[in-house]
Amino acid sequence: MSWLRMYHTLRYLKPVQIYGRLLRHLPRSGTKVRPVPSTRQPVASWTQPGKYHPTMSGSDRFFLLNEEHEVKTSQDWSNVKRDRLWLYNLHYFDDLNADGAAERLKWHEVYMTRWIKENPTGNGPGWEPYPISRRIVNWIKWQLAGNSLKNEALQSLAQQARYLTRRVEWHLLGNHILANAKALLFAGIFFQGKEADAWLRQGLAILHDEVQEQVLADGGHFELSPMYHAIVLEDLLDILNLLRSYGYEECFEWDEDLSAMLRWLETMCHPDGEIVLFNDAAFGMALPPQALFEYAERLEVEKDTISLPEMTCLEDSGYIRLQHGGANAFLDLAPLGPDYLPAHGHADTFTFELSVRGQRMLVDSGTSCYGQSAERLRQRGTAAHNTLTIDGEDSSEVWGGFRVARRARVGDVLLDSNIDTSKIQASHDGYLRLRGVGLHTRKWEMTRKSLKICDEMEGTGSHKIELGFLVHPEISVAQAGAHHFELKDDNGKVIATIYTDVAMAAALQERTYHPEFGLWLKTTGISAKSEVELPASFNSEIIWE
């Protein structure tokens with residue numbers, strides 16, 4: 001491992017993250033079993049939250065992340081043959097609050113009873129802080145929906161809260177610590193007494209600091225993943241719901257943040273109603289945007305309903321949405337995330353997605369896996385996105401499953417927009433670490449009929465340049481000339497044309513698209529390559545009318 005890469009990875013960490021990493025490796029005794037605290041009674045009705053898709057197909061069979069497996073023995077809860085994220089989802093208990101949950105009541109009771117019996121305190125992935133946090137919330141939401149937790153479940157729930165309070169994920173921060181705080185708040189409200197009051201105070205204190213830190217002024221979540229933005233938005237809606245139900249609404253201090261987050265999410269959705277797949281993002285891991293909008297409406301959370309203009313600049317996040325005629329383009333001028341937490345960032349600076357007449361046309365590759373693997377690294381790499389690579393290197397040094405060393409910085413942003421045309425220009429320094437390579441400047445010009453892209457590379461000497469465009473799998477692509485590609489719908493009608501620079505050798509590539517975890521869809525990419533002397537510039541154009 002390069003010490004330079006490690007230095008550029010660790011230099012951004014906060015002291016609390018280093019302390020948290022040291023603390024989690026120290027031996028700690030288990031949590032003593034104590035009497036179950038009594039529970040509080042709600043003073044108002046619990047508002048129906050958004051519903052996930054069901055994940056149980058039997059009392060011991062689970063369909064998670066596009067994989068179905070049985071959990072028949074106690075060892076299956078920690079089966080090393082399963083992906084770690086699949087096991088995490090198994091321990092979340094999301095199905096308790098999914099569509100049609102009442103029809104699976106008996107399965108849920110077996111599920112809960114087995115989990116308590118077969119997962120002793122501190123053993124296995126189910127006792128890691130994030131799964132504990134998700135499970136505490138799901139069990140309490142299940143009871144608030146009209147079900148009844150048995151005494152053994154109440155005992156386990158209190159035990160999980162006690163265990164979590166000493167294992168808050170200070171080493172990670174971000175969405176994880178928000179989930180920890182949410183769970184402590186839920187447990188602290190659900191139970192009563194001195195112990196529960198301490199959980200409540202701890203949860204509220206973390207939320208007070210972290211929401212202020214993590215929700216940007218434009219409403220975006222600071223990890224800059226539309227998927228995690230939706231997860232955190234649901235967290236805040238659930239917290240508002242809970243505090244209202246128990247008469248603690250005066251403790252909720254994030255009304256303006258909720259409204260801003262709803263506006264941000266609406267801006268970062270394609271016309272098909274789903275999110276843009278920038279950074280770590282996939283469908284199905286968070287509630288669909290429409291479900292979140294409806295949940296917010298049931299809670300009477302205010303959201304602006306004004307029409308989006310030709311150009312919407314989410315300045316604090318670094319994302320831009322362009323809207324001309326029947327086309328929508330989403331441009332990524334964003335950092336990978338907060339410097340101390342780029343875990344869900346991709347080396348995707350200056351990538352973009354494009355929809356025309358409601359159909360996704362050019363897409364980011366999405367995210368199908370976590371963990372440390374060549375495929376995870378490929379999906380985070382620059383070549384998996386609609387942008388430029390030089391000498392086969394990534395614009396930011398992504399490595400491991402969630403690490404980043406040196407990262408691209410965007411500057412020199414120029415914006416100009418009117419009813420007919422939007423022009424955007426920006427530069428990034430991600431390739432300055434390469435010998436003889438300078439700034440990469442990308443210019444976009446969008447009208448009702450086309451999107452023109454100009455890439456300029458500063459530097460000296462000979463270098464290999466590659467430009468990539470990933471086409472949505474519902475669209476077929478044919479090469480009609482050396483630098484001319486036709487995009488066709490199911491009926492064979494040409495719906496758009498892509499022209500690549502005449503100085504580059506262009507060809508079709510077999511690629512993959514990953515709109516969900518565990519999902520691989522074959523699709524087509526367009527690759528344009530050249531070995532040139534820098535400085536150099538390259539022009540591309542997408543025409544749909």
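Computed from the coordinates by the stated procedures, all read-outs in this text should not be read as laboratory data. Keep in mind the model is a prediction, meaning the values are calculated, not measured. Please note: Cβ atoms are built from the backbone with ideal geometry, for glycine as well, and neighbour counts cover all protein chains shown.
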Inset, instruction - Scan around SER417 for amide H atoms under 5 Å from its own, H built in the peptide plane at 1.01 Å from N, and keep only partners 5 or more places away or cross-chain. - result: LYS423
Legend entry - Distance between the range 216-240 and the range 508-545 - C-alpha centres, whole angstrom: 30
Legend entry - Rg/Rh ratio calculated on Cα atoms of the range 100-190 (Kirkwood radius): 0.97
Inset, instruction - For every helix of n ≥ 4 consecutive DSSP H residues, a contribution of -39,500 (n - 2.57) applies; sum these over the chain, divide by its total residues, and give [θ] at 222 nm rounded to the nearest 500 deg cm²/dmol. - result: -9500 deg cm²/dmol
Inset, instruction - Give, in nm to one decimal, the length gained when the segment between SER78 and ASP272 is fully stretched (0.36 nm per residue of separation minus the Cα-Cα distance). - result: 66.1 nm
Legend entry - Out-of-range pairs (alpha-carbon distance over 25 Å; input LYS106/LYS141; LYS106/LYS182; LYS150/LYS182; LYS51/LYS488): LYS106/LYS182; LYS51/LYS488
Legend entry - At R0 = 30 Å, FRET efficiency that the Cβ-Cβ distance of LYS529 and ASP416 yields, to 0.05: 0.45
Inset, instruction - Report, in whole Å, the centroid distance computed from the Cα atoms of the range 277-343 and the range 106-157. - result: 33
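Students often check this: by mean Cβ neighbours within 10 Å, which of 5-18, 350-363 ranks highest, and how do the rest follow? Numbers along the way, then the final one.
Working: 5-18: 14.1, 350-363: 23.1.
Per-residue mean Cβ counts within 10 Å order the peptides as 350-363, 5-18.
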Inset, instruction - Could you order peptides 276-286, 137-147, 241-251 by the average number of other Cβ atoms within 10 Å of their residues, highest first? - result: 276-286, 137-147, 241-251
Legend entry - Residues ALA291 and LYS194, FRET efficiency given R0 of 60 Å [Cβ-Cβ distance, rounded to 0.05]: 0.95
Inset, instruction - Using the number of other C-beta atoms within 10 angstrom as an exposure proxy, rank ASP455, ASP391 with the fewest first. - result: ASP391, ASP455
Legend entry - Set of the range 33-60 residues, backbone N closer than 11 Å to the point 7 Å along the Cα-Cβ line of ARG298: 46-52
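At a Förster distance of 51 Å, what's the computed FRET efficiency of THR447 paired with ASP60, Cβ-Cβ distance as r, to 0.05?
So, using R0 = 51 Å, E works out to roughly 0.35.
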Inset, instruction - For the chain, build the charge dipole from Cβ charges (+1 Lys, Arg; -1 Asp, Glu) around the Cα centre, then report which of TRP115, GLY518, HIS428 sits farthest towards its positive end. - result: TRP115
Legend entry - Dmax and Rg, reported as Rg then Dmax, of the range 139-219 (C-alpha, Å): 13.7, 45
Legend entry - Cα-centred dipole magnitude for the range 298-435, charges only on beta-carbon of K, R (+1) and D, E (-1), debye, nearest 20: 480
Legend entry - Extension gain from LYS106 to GLU213, taking 0.36 nm per residue of separation minus the Cα-Cα distance: 34.3 nm
Legend entry - 18 Å reach of a label modelled at ASN147, 7 Å along Cα-to-Cβ, counting backbone N of the range 68-100: 71, 89-100
Inset, instruction - Check each of the GluC sites (Glu not before Pro) in the range 178-223 and keep only those in coil by DSSP with at most 13 other C-beta atoms within 10 angstrom; list them in order. - result: none
Legend entry - Computed label-point distance, nm, for sites VAL502 and SER476 using a 7 Å Cα→Cβ extension: 3.0
Legend entry - Positive-end residue, the chain charge dipole about Cα centroid, Cβ charges, pick of PRO15, HIS270, VAL471: PRO15
Legend entry - Packing rank of 414-424, 492-502, where each peptide gets the mean count of other beta carbons within 10 Å, highest leading: 492-502, 414-424
Inset, instruction - Please give the contour-minus-distance gain from GLN155 to LYS522: 0.36 nm per residue of separation, less the Cα-Cα distance, rounded to one decimal in nm. - result: 127.3 nm
Legend entry - Student exercise, the range 162-210 dipole from Lys, Arg, Asp, Glu Cβ charges, in Debye to nearest 20: 180
Legend entry - Unit charges at the beta carbon, dipole of the range 311-543: most positive-side option, TYR340, GLY318, VAL494: VAL494
Inset, instruction - Note down the magnitude of the dipole of the chain about its Cα centre, charges +1 on Lys and Arg C-beta and -1 on Asp and Glu C-beta and zero elsewhere, to the nearest 20 debye. - result: 2300
Legend entry - Against the rule of thumb 2.2 N^0.38 Å, how large the Cα Rg of the range 311-543 comes out: 0.97
